[in-house]
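A.B. asks: Input: one structure, supplied below.
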Amino acid sequence: MTRPRNDTLLRALRREPTEYTPLWLMRQAGRYLPEYCATRSRAGSFLTLCKNPALACEVTLQPLERFPLDAAILFSDILTVPDAMGLGLYFTDGEGPRFERPLRDEAAIRALTAPDPDGPLRYVLDAVAEIRRALSGSVPLIGFSGSPFTLACYMVEGGGSPDFRHLKTMMFARPDLLHRILEVTADAVSAYLNAQISAGAQVVQIFDTWGGMLSPHAYREFSLAYMSRVIAALRREQDGERVPVIVFTKGGGQWLEEIALCGADAVGLDWMTDIADARRRVGDRVALQGNLDPSALFGSEDAIVREANRVLDAFGPHPGHVFNLGHGISRHSEPEKVKILVDAVHRHRHAL
Ligand code: CP3
C-alpha cells in the first residue's frame, strides 16, 4: 500500500508534525447534501445505498467533490453487522433503524454467532475496494464499526430508544446474557474490521455512541473492555503501513485517561469536553479527534470561523490533532457553511 498523496490525517494520527490540522466530518456523506438525497431517491432507500458498492462509492465521494477534506469515510452503517447476524435490519421514515428480531430471549442469545465478513458482509468489503480504486491515492479511506456495546444496545432494544430500558434491564437482571452478546459481537467486529483493513481501509474508527450513558464501572465492564478486546485482535499493519485506530465514546469525556489506555491511536471527543483539558489529561499517549459542536454550523460565517479557531487554539501547536465535529453533521446543515468550516480549518496557523 502506498501512502496517499495527502497523508496529513495519517501523520496527525501518528502524532507526527503536519503543515495544518487535517479534518474530516462524521456523517460527511449524508442528507445535508442535495446530491446525496438525489442518489438516495434514485436508489429507493438508505439500505440499498449501503448494499450496492457502486452507489456506496458514489456517495462516499460526494463530500470530497465539494470540499477539500483530508479523508474519505466508507459509506455504510454500524448496523450492517447485527443485520448480518440475522436480526433483520430495516429503516422506517422518521423512526430510524429497527430490527425485526431483537435479541430478548436466552435461546436466541445462545444461538448468536459471529458472521464471516466474506459472506453476508461481502458488499461492504467490495465497497471498500471500489472506493480505494476511485480515490486513486488522493486521501486515506476510513473504515468503521460500531462498538460491541453500542451494537448490543440496538440489538436488544430492537432500535433506538430514549432510555434503552430493555438493554439496561438485561444489564442488571441477566448480565451473563449481555456479556454473551458482547463476546460474540466483539468477535464479529474484530473480524469485520480486519476484513475492511484487508480490503483497503487505511484507518478504522469504532463508534461507541451509547457508552456514555453508563455508570463509570458499567462503562469499563460492558463497553471499554470489549473495545480493548477488539483492538487487541486487529491487524494493525497493511503492506508495511500502520493502520491507526480511533475510538469515539460519545459522552466519554470523564473517562479519557482510561480510554487512552485501550490500545487506540486516537480518541474522539464530543463537544462537552474542553480539548485543552483533554490533551493535558491524555498527555502524549494518543492523538485527539474533535471537537466542534455540530450546531456551530447553524451559526453565522463569523461564528463558524471563531468556533473552529477556538478548538484549534485550545488544542495548540502540538502534533496529534484531527479536527472533526463532536458528533455527526446535522441533516439541517447547509453545504455552504460546511465549506466555510473546511476552509477556516485549513487556513488556521498556530501562533508560535
Ligand atoms: O460518516 C459517514 O459519512 C459514514 C456513514 C455513516 C452512517 N452511519 C450513514 C448514515 C456512519 C459512520 C454511521 C454510523 C452510525 N449509524 C452510528 C454511529 C455514529 C453516530 O451517529 O452516533 C449510529 C448510531 C448509526 C445507526 C443509525 N443509522 C441511525 C441511528 C440512523 C438514523 C439517524 C438519522 O439521522 O436518521 C442511521 C441512518 C443513517 N446512517 C443515515 C446515514 C447517512 C441517514 C439515512 C438516510 O435516511 O439517508
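The values are calculated or read from the model by the stated rules, or taken from the named source; none is laboratory data. In this text, all values refer to a predicted model and were calculated from it rather than measured experimentally. No Cβ is skipped: glycine too gets one built from the backbone with ideal geometry, and neighbour counts run over all protein chains shown.
A.B. asks: Scan (1) without any contact (Cβ under 8 Å) to a residue 60 or more places away in the chain; (2) acidic (Asp, Glu); (3) more than 15 Å from the ligand (Cβ to nearest atom) for the single condition residue 77 breaks and write down its number.
C.D. replies: Only one criterion in (1) without any contact (Cβ under 8 Å) to a residue 60 or more places away in the chain; (2) acidic (Asp, Glu); (3) more than 15 Å from the ligand (Cβ to nearest atom) is unmet by residue 77, namely (3).
A.B. asks: Search segment 146-179 for residues being touching a helix residue (DSSP H, G or I) at 6+ places or on another chain (Cβ under 6 Å) and not in a helix (DSSP H, G or I), and hand back the single one that is nearest to the ligand (Cβ to nearest atom). Talk me through it step by step, then tell me what you get.
C.D. replies: Initially, segment 146-179 is screened for residues touching a helix residue (DSSP H, G or I) at 6+ places or on another chain (Cβ under 6 Å), giving 147-149, 151-153, 155-157, 164, 166-167, 170-171, 177-178.
Within this subset, residues satisfying the condition of being not in a helix (DSSP H, G or I) are 147, 164.
On the way: 147: 9, 164: 12 Å.
Of everything passing the filter in segment 146-179, 147 is nearest to the ligand (Cβ to nearest atom).
A.B. asks: Scan segment 221-246 and report the pairs whose first residue is without any contact (Cβ under 8 Å) to a residue 12 or more places away in the chain and whose second residue is surrounded by fewer than 18 Cβ atoms within 10 Å (Cβ to Cβ), with Cβ atoms within less than 8 Å and a gap of 6+ or a chain change.
C.D. replies: Once the first residue is without any contact (Cβ under 8 Å) to a residue 12 or more places away in the chain and sits in segment 221-246, its partners that are surrounded by fewer than 18 Cβ atoms within 10 Å (Cβ to Cβ) give 236/242.
A.B. asks: For segment 205-224: of the residues being outside any helix (DSSP H, G or I) and more than 15 Å from the chain's Cα centre (by Cα), which is farthest from residue 170 (Cα to Cα)?
C.D. replies: 215
A.B. asks: For segment 25-40, check the following and say yes or no: at least one residue is away from the ligand (no atom under 11 Å from the Cβ) and outside any helix (DSSP H, G or I). Before the answer, list the steps.
C.D. replies: Step one: of segment 25-40, the residues away from the ligand (no atom under 11 Å from the Cβ) are 34-35, 38.
This time we only want the ones that are outside any helix (DSSP H, G or I), so: none.
Looking for residues that are away from the ligand (no atom under 11 Å from the Cβ) and outside any helix (DSSP H, G or I), one finds none in segment 25-40, hence no.
A.B. asks: Buried (at least 24 other Cβ atoms within 10 Å of the Cβ) and either at pLDDT below 95 or within 16 Å of the ligand (Cβ to nearest atom) (or both): does that describe residue 143?
C.D. replies: Numbers: buried (at least 24 other Cβ atoms within 10 Å of the Cβ): yes; either at pLDDT below 95 or within 16 Å of the ligand (Cβ to nearest atom) (or both): yes.
The answer is yes for residue 143.
A.B. asks: Among the listed residues 184, 124, which satisfies the condition of being within 23 Å of the chain's Cα centre (by Cα), within 12 Å of the ligand (Cβ to nearest atom) and either modelled with pLDDT under 95 or assigned to a helix (DSSP H, G or I) (or both)? Break it down into steps so the answer makes sense when it comes.
C.D. replies: Numbers: 184 fails: within 12 Å of the ligand (Cβ to nearest atom).
Only one candidate qualifies: 124.
A.B. asks: Quick check on segment 76-88. Is at least one of its residues closer than 30 Å to residue 5 by Cα and among the hydroxyl-bearing types (Ser, Thr, Tyr)? So that I can check it myself, show each step before the final result.
C.D. replies: Residues of segment 76-88 closer than 30 Å to residue 5 by Cα: 76-78.
With the extra rule that they be among the hydroxyl-bearing types (Ser, Thr, Tyr), the set shrinks to 76.
Looking for residues that are closer than 30 Å to residue 5 by Cα and among the hydroxyl-bearing types (Ser, Thr, Tyr), one finds at least one in segment 76-88, hence yes.
A.B. asks: Of the residues 68, 102, which is more than 22 Å from residue 292 (Cβ to Cβ), more than 9 Å from the ligand (Cβ to nearest atom), out of contact with any strand residue (DSSP E or B) (no Cβ under 7 Å at 6 or more places or on another chain) and assigned to a loop (DSSP other than H, G, I, E, B)? Let's see the steps before the verdict.
C.D. replies: Values: 68 fails: more than 22 Å from residue 292 (Cβ to Cβ).
None of the other options fit; the residue is 102.
A.B. asks: Would a scan of segment 163-182 turn up a residue that is surrounded by fewer than 23 Cβ atoms within 10 Å (Cβ to Cβ), farther than 23 Å from residue 251 by Cα and of a type in the set (Asp, Glu)?
C.D. replies: Yes, some residue in segment 163-182 is surrounded by fewer than 23 Cβ atoms within 10 Å (Cβ to Cβ), farther than 23 Å from residue 251 by Cα and of a type in the set (Asp, Glu).
A.B. asks: Among the residues of segment 43-59, write down those that are without any contact (Cβ under 8 Å) to a residue 40 or more places away in the chain, more than 10 Å from the ligand (Cβ to nearest atom), part of a helix (DSSP H, G or I) and within 21 Å of residue 89 (Cβ to Cβ).
C.D. replies: Pass one, segment 43-59, residues without any contact (Cβ under 8 Å) to a residue 40 or more places away in the chain: 43-44, 48-49, 55, 58-59.
If we keep only those that are more than 10 Å from the ligand (Cβ to nearest atom) too, we end up with 44, 48, 55, 58.
If we keep only those that are part of a helix (DSSP H, G or I) as well, we get 48, 55, 58.
Scanning segment 43-59 gives 48, 55.
A.B. asks: Go through the residues of segment 242-257 one by one and say whether even a single one is over 19 Å from the mean Cα position of the chain (by Cα) and on the phi > 0 side of the Ramachandran plot. Please lay out each step first, then the result.
C.D. replies: Taking segment 242-257 first, the residues over 19 Å from the mean Cα position of the chain (by Cα) are 254, 257.
Subsequent filtering for residues that are on the phi > 0 side of the Ramachandran plot retains none.
No, the conditions are met nowhere in segment 242-257.
A.B. asks: What number of residues in segment 5-19 are farther than 21 Å from residue 264 by Cα and either without any contact (Cβ under 8 Å) to a residue 12 or more places away in the chain or touching a strand residue (DSSP E or B) at 6+ places or on another chain (Cβ under 9 Å) (or both)?
C.D. replies: Of all residues in segment 5-19, those farther than 21 Å from residue 264 by Cα come to 5-6, 19.
Filter once more, keeping what is either without any contact (Cβ under 8 Å) to a residue 12 or more places away in the chain or touching a strand residue (DSSP E or B) at 6+ places or on another chain (Cβ under 9 Å) (or both): 19.
The number of residues fulfilling the criteria is 1.
A.B. asks: How do the pairs read when you match residues in segment 192-203 that are over 14 Å from residue 80 (Cβ atoms) and touching a residue at least 40 places away in the same chain (Cβ under 8 Å) with residues anywhere that are among the basic types (Lys, Arg) and not in a helix (DSSP H, G or I), using Cβ under 6 Å and keeping only pairs 6 or more apart or on different chains?
C.D. replies: Correct list of pairs: 194/235; 197/235.
A.B. asks: Then there's this: Only helices (runs of 4 or more DSSP H) wholly contained in segment 225-295 count here; list those with 2 or more residues that are under 16 Å from residue 318 (Cβ atoms).
C.D. replies: Numbers: elements: 225-232, 256-259, 275-282.
In segment 225-295, the matching helices (runs of 4 or more DSSP H) lie at 275-282.
A.B. asks: Another one. Could you tell me which residue of segment 281-296 is farthest from residue 338 (Cα to Cα), considering only residues that are crowded, with 23+ Cβ neighbours inside 10 Å and touching a Lys or Arg at 6+ places or on another chain (Cβ under 9 Å)?
C.D. replies: Going residue by residue through segment 281-296, those that are crowded, with 23+ Cβ neighbours inside 10 Å are 286-292.
Okay, now just the ones that are also touching a Lys or Arg at 6+ places or on another chain (Cβ under 9 Å), so 286-288, 292.
Details: 286: 27, 287: 24, 288: 21, 292: 12 Å.
The selected residue is 286.
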